[in-house]
Amino acid sequence: MNELQIIEKLKTEQTATRDELVFLLNNITDSGRETLRRAAQETAQAVFGNKIYIRGLIEISSVCKNDCLYCGLRRSNQNAVRYRLTEEQILDCCAKGYALGFRTFVLQGGEDGYFTDEVVCGVVREIKSRYPDCAVTLSLGERGEESFKKLFDAGADRYLLRHETADLEHYAKLHPPNMSGEERQRQLFALKAIGFQTGAGFMVGSPYQTAENLADDLLFLKRLSPQMCGIGPFIPHKDTQFRDYSQGSLTLTLTLLSVIRLMHPRVLLPATTALGTIHPKGRELGILHGANVVMPNLSPVEHRKDYAIYDNKICNGEEAAECLACLKRRIQSIGYEIVTDRGDAPAAGFQYN
Ligand code: SAH
């Protein structure tokens with residue numbers, strides 16, 4: 001099959017074989033890319049119109065017990081500045097966000113032992129009781145099925161846990177020996193079974209990644225069928241051993257966003273901060289390639305720079321309101337519109353109107 005036939009198959013069958021995906025990633029031409037982009041944008045618009053969902057990202061802790069080789073917050077990075085937000089600070093971020101029109105709050109952080117089930121459940125309950133019309137998303141790493149159940153029962157709606165790479169050998173090159181790709185994947189299936197709107201995802205251009213790895217990532221997503229999918233370019237952090245590796249490519253990230261949109265027409269697909277970090281128009285380009293979500297930062301400005309998972313992360317100095325105003329302008333400039341909406345995973349046949 002040539003590139004156009006593969007793109008057509010992705011559009012009509014929402015899948016392709018591993019060989020076809022590898023071929024497409026290795027051989028796609030500029031004109032093939034534009035065909036793919038247009039198909040992905042049309043698919044997103046058929047479901048979501050020109051509406052973009054916003055999620056208020058609250059980075060609750062830079063403390064982490066893990067040692068992921070690529071991450072600036074890895075335990076062994078002595079230069080990382082560690083902070084954790086109090087419950088009051090988290091609720092304060094939500095209050096500001098609610099006033100700005102956010103109806104989803106994403107609590108993300110390192111795997112910080114302070115945030116026990118009791119603590120997180122307490123925060124989730126309080127957010128849900130103050131803002132019953134809002135969704136709460138958690139992104140706090142691998143906590144295990146028992147913990148996930150408690151968080152779900154406390155009212156959390158969604159959980160983001162990127163699988164990082166579906167290939168177990170590749171996973172082992174990016175993580176210390178005490179972490180396993182198999183376990184991460186198991187936890188993702190557990191999240192789905194519990195009833196969370198579940199998000200998986202991976203970095204594009206991480207060290208040692210091959211086109212075959214990416215094809216396997218796409219096929220893993222097909223098996224899991226998550227409601228959300230976060231992908232962004234790998235960006236080196238100066239205090240990690242991957243400091244001298246090059247960052248993931250803009251073009252490849254955009255191509256993958258489009259392929260994911262075609263394979264999962266209704267998936268919630270963010271144009272990530274990492275994409276906005278490697279190119280001044282990265283997030284706009286992401287939307288034009290099929291993304292339908294952006295996640296502005298609601299974290300207290302004084303801690304922004306310390307949630308440094310990679311270098312040069314954008315929006316470190318701005319208040320939430322400024323961040324949102326800037327994003328609104330950007331999104332309007334490409335003919336889209338931010339909506340005040342929980343933006344849940346749409347059911348089959350859903351059309352935004
Ligand atoms: N501790 C949580 C949240 C991790 S941060 C968890 O384990 O899920 C969210 C995501 O940032 C990670 O899943 C990873 O894919 C991404 N990330 C980490 N370091 C990165 C880097 N150097 N470049 C690009 N993305 C990175």
Return, ordered by residue number, the residues of region 271-314 whose backbone nitrogen is under 18 Å from a label point located 7 Å along Cα→Cβ of Gln89. 297-309
Calculated from backbone phi, Karplus (6.51, -1.76, 1.60) coupling profile of region 46-57 in Hz, x at Gly/Pro: 5, 8, 10, x, 9, 8, 10, 7, 10, 10, x, 8
Of every Cα-Cα pair in the chain, the percent that sits beyond 25 Å: 50
Computed magnitude of the charge dipole of region 22-163 (debye, nearest 20; Cβ of K, R +1, Cβ of D, E -1): 340
Find the centroid of the Cα atoms in region 253-280 and in region 17-66, then give the distance between the two in whole Å. 2
Pairs of Cα atoms under 8 Å, at least six residues apart: use those to get the relative contact order of the chain, whole percent. 25
At a Förster radius of 56 Å, what calculated FRET efficiency corresponds to the Cβ-Cβ distance of Asn50 and Gln78, to the nearest 0.05? 0.75
To the nearest 20 Debye, how big is the dipole of the chain about its Cα centre, given +1 on the beta carbon of each Lys and Arg and -1 on that of each Asp and Glu? 540
Could you tell me what percent of the accessible area of the chain is made up of carbon and sulfur, with a 1.4 Å probe and every protein chain present? 48
Using alpha-carbon pairs under 8 Å, 6+ residues apart, how would you state the relative contact order of region 229-298 in percent? 34
Label point distance in nm, Ser225-Arg18, each placed 7 Å from Cα along Cα→Cβ: 2.2
So, for the chain, what is the accessible surface per residue at a probe of 1.4 Å, expressed in square angstrom? 40
Rounded to the nearest 20 Debye, what is the dipole magnitude of region 76-126 about its Cα centre when Lys and Arg each give +1 and Asp and Glu each give -1 at the C-beta? 260
Out of Arg103, Arg75, Arg37, a Gaussian network model of the chain with alpha-carbon springs under 10 Å gives the largest mean-square fluctuation to Arg75
Only Cα pairs within less than 10 Å get springs; with that Gaussian network setup on the chain, which residue of Pro300, Pro233, Pro132 has the largest fluctuation? Pro132
Surrounding charge for Asn316, neighbours by C-beta under 14 angstrom, Lys/Arg +1, Asp/Glu -1, total -4
Could you go through region 298-312 in sequence order and give the Karplus-derived ³J(HN,Hα) for each residue, using 6.51 cos²θ - 1.76 cosθ + 1.60 with θ = phi - 60°, rounded to whole Hz, and x for Gly and Pro? 10, 5, x, 4, 5, 9, 3, 5, 8, 8, 9, 6, 9, 7, 6
Quick one, can you get me the convex hull of the C-alpha atoms of region 96-231 expressed as volume per residue in Å³? 119
Net charge of Cβ neighbours under 12 Å - reference Arg330; Lys, Arg +1; Asp, Glu -1: +2
With the crude spin-label approximation of a point 7 Å out along Cα→Cβ, what separation in nm comes out for Gln5 versus Asn353? 3.9
For region 76-149 and region 291-341, compute the distance between their C-alpha centroids and round to whole Å. 18
For region 259-342, which trypsin sites (Lys or Arg not before Pro) pass both filters: DSSP loop (anything but H, G, I, E, B) and at most 16 other C-beta atoms within 10 Å? Lys281, Lys305, Arg342
Subtracting the Cα-Cα distance of Leu168 and Thr116 from 0.36 nm times their residue separation yields 15.9 nm
Among Thr277, Thr86, Thr165, which one shows the biggest mean-square fluctuation in a GNM of the chain, springs joining Cα atoms closer than 10 Å? Thr86
Rounded to the nearest 500 deg cm²/dmol, what is the calculated helix-only ellipticity per residue at 222 nm for the chain, with -39500 (n - 2.57) per DSSP H run of length n ≥ 4? -13500 deg cm²/dmol
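The values are calculated or read from the model by the stated rules, or taken from the named source; none is laboratory data. Here the structure is a predicted model, which is why all the values come from computation and not from measurement. Heads up, the Cβs are rebuilt from the backbone with ideal geometry, glycines too, and the neighbour counts pull from every protein chain shown. The protein model used for the area step is the full one, side chains on, heavy atoms only, and it has no ligands, DNA or RNA in it. Shrake-Rupley method; radii C 1.70, N 1.55, O 1.52, S 1.80 Å.
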